[in-house]
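Q: Pasting a structure here, questions to come.
The values are calculated or read from the model by the stated rules, or taken from the named source; none is laboratory data. Since this is a predicted model, take the numbers as computed values, not measurements. Neighbour counts are summed over all protein chains in view; Cβ atoms, including those assigned to glycine, are modelled from backbone coordinates with ideal geometry.
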């Protein structure tokens, strides 16, 4: 039976967890890069032992780490992220123009086919790519220089490019999501971009139906059906059936439609998962109960998943990159909390078990199957 | 001349060094010359003390020596003789903060 490797980024280091296919017993190593913030780490779909990690701190800036042996050993690679050409300005919190400034890498998305090619979504929002295993990085400037960019504005967490989706059926198609600008799609491998926010409605911006300015928290797709996208927005859970050209709300019977992560079952393209939290001003689960909500109908109808999760006195959140699914059968679902727990469900969400309970606050969770 | 440099713990870990770093610096000992030599020996430190492009010191990094804060000295100002002769180290310090 094959196994899985879980990659967990926290506020104070990274952890690598492995298990066999039963996903019952786990070996935990770490903290790697102890004391640093690990916003994200992810393995190459083309080589499960090739990992990339974003390591950063307010003191010492950005570092990128790479492993060629599944996380046993790491080496620093390139950390020079320089915007291509004049940086221009975006809007600051107070509405004044503010020059683009690199702050950190939020998300690393390895190529589906080449272990040496990896994309980086950064704050202030831009998309970079490396084709030499992370040693050097080049911006794909068409996104940052899009005509709408001077009107983009940061969310409370900074103006971050946090989601990168690569279309397995069309290698030249890339989706990105930026807080608080929205979704953008390129159909020419990142040269040019179009906003993909029609149908989104955000009451917190001057024009609720604006072309850009929406605080999209996360988007997800199933690789067998890449034209269908699911979105957790600041408020509202949304779905697109036309590769982002238009969106419709699928919040249905959720207790609240505010949240951060959203993910899709590995084998059922209409089974999706979210973790609602109380509100934009109270970032913890409602009613002090940690509940994952699952829809098996592509939205609208949701069921709470609670078996094995705390149902009293719980005030954690699950951040946008802190949920993942594996490709085993039954599908495994994982998430990490701001309280430092990492939970696994080896039965597609029916029941949950903590792998660890006391890590630093979890920022990201990724998983991949081992041969 | 051999300059002694003390790095903060996180950068010692990143550079895989224990204790002080000893650098052979040619010409006048300045903070720029010391950091150039440091980054040449330990390329993984590039961008962690000063910006890749502007070479500006990162905001939460300080340079101390001989009980003085040299952080705001011009990068080409000579360092104290005691640093240039190796009698005293050049300290790269992460600003004190919790969390």
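Q: Which condition from (1) under 24 Å from residue A:76 (Cβ atoms); (2) surrounded by 15 or more Cβ atoms within 10 Å (Cβ to Cβ); (3) without any contact (Cβ under 8 Å) to a residue 24 or more places away in the chain is the one that residue B:80 breaks?
A: (1)
Q: Related question: Can you tell which of A:304, A:310 is in a strand (DSSP E or B) and surrounded by fewer than 23 Cβ atoms within 10 Å (Cβ to Cβ)?
A: A:304
Q: Please state which one of A:356, A:325 is surrounded by fewer than 21 Cβ atoms within 10 Å (Cβ to Cβ) and touching a residue at least 12 places away in the same chain (Cβ under 8 Å).
A: A:356
Q: Tally up the residues in region A:54-81 that are assigned to a loop (DSSP other than H, G, I, E, B) and more than 7 Å from chain B (Cβ to nearest Cβ), please.
A: Adding up the residues that qualify gives 10.
Q: Only residues that are in a strand (DSSP E or B) and within 14 Å of another protein chain (Cβ to nearest Cβ): list them for region A:1-25, please.
A: First, the residues of region A:1-25 that are in a strand (DSSP E or B): A:3-10, A:13-20.
Result: A:10, A:13, A:14.
Q: Going by the conditions given, is residue B:13 surrounded by fewer than 16 Cβ atoms within 10 Å (Cβ to Cβ), within 14 Å of chain A (Cβ to nearest Cβ) and part of a helix (DSSP H, G or I)?
A: Yes; evaluated as a whole, the condition is true for this residue.
Q: Let me ask something additional. Quick one: which residue in B:64, B:90 is crowded, with 19+ Cβ neighbours inside 10 Å and in contact with a strand residue (DSSP E or B) (Cβ under 8 Å, 6 or more places away or on another chain)? Walk me through it before giving the result.
A: On the way: B:64 fails: crowded, with 19+ Cβ neighbours inside 10 Å.
Exactly one of B:64, B:90 is crowded, with 19+ Cβ neighbours inside 10 Å and in contact with a strand residue (DSSP E or B) (Cβ under 8 Å, 6 or more places away or on another chain), namely B:90.
Q: Look through A:121, A:134 and report the one residue that is assigned to a strand (DSSP E or B) and buried (at least 23 other Cβ atoms within 10 Å of the Cβ).
A: Exactly one residue qualifies, and that residue is A:121.
Q: Residues in region B:26-37: is at least one touching a helix residue (DSSP H, G or I) at 6+ places or on another chain (Cβ under 9 Å), within 14 Å of chain A (Cβ to nearest Cβ) and surrounded by 18 or more Cβ atoms within 10 Å (Cβ to Cβ)?
A: Yes.
Q: Would you please name the residue that is nearest to residue A:117 (Cα to Cα), looking only at residues in region A:26-53 that are touching a strand residue (DSSP E or B) at 6+ places or on another chain (Cβ under 6 Å) and not in a strand (DSSP E or B)?
A: A:33
Q: Could you check residue B:42 against (1) surrounded by fewer than 19 Cβ atoms within 10 Å (Cβ to Cβ); (2) under 27 Å from residue A:80 (Cβ atoms) and say which number it fails?
A: Going through the list (1) surrounded by fewer than 19 Cβ atoms within 10 Å (Cβ to Cβ); (2) under 27 Å from residue A:80 (Cβ atoms), residue B:42 breaks only (1).
Q: Taking the stated definitions as given, is residue A:84 surrounded by fewer than 22 Cβ atoms within 10 Å (Cβ to Cβ), more than 23 Å from the chain's Cα centre (by Cα), assigned to a loop (DSSP other than H, G, I, E, B) and at pLDDT 95 or above? Spell out how you get there, then give the answer.
A: Working: surrounded by fewer than 22 Cβ atoms within 10 Å (Cβ to Cβ): yes; more than 23 Å from the chain's Cα centre (by Cα): yes; assigned to a loop (DSSP other than H, G, I, E, B): yes; at pLDDT 95 or above: yes.
For residue A:84, the condition - surrounded by fewer than 22 Cβ atoms within 10 Å (Cβ to Cβ), more than 23 Å from the chain's Cα centre (by Cα), assigned to a loop (DSSP other than H, G, I, E, B) and at pLDDT 95 or above - is met.
Q: Kindly indicate whether any position in region B:49-69 is more than 10 Å from every other protein chain (Cβ to nearest Cβ), touching a residue at least 24 places away in the same chain (Cβ under 8 Å) and assigned to a loop (DSSP other than H, G, I, E, B).
A: no
Q: Is it the case, given these coordinates, that residue B:76 is touching a helix residue (DSSP H, G or I) at 6+ places or on another chain (Cβ under 6 Å) and in a loop (DSSP other than H, G, I, E, B)?
A: Taking the combined requirement at face value, the residue satisfies it.
Q: Under 8 Å between Cβ atoms, at least 6 apart or on separate chains: pull out the pairs that start in region A:101-115 with a residue that is within 30 Å of residue A:91 (Cβ to Cβ) and end on any residue that is not in a strand (DSSP E or B).
A: Going by the 8 Å Cβ cut-off, the qualifying pairs are A:101/A:87; A:101/A:124; A:102/A:81; A:102/A:82; A:102/A:83; A:102/A:124; A:103/A:124; A:105/A:81.
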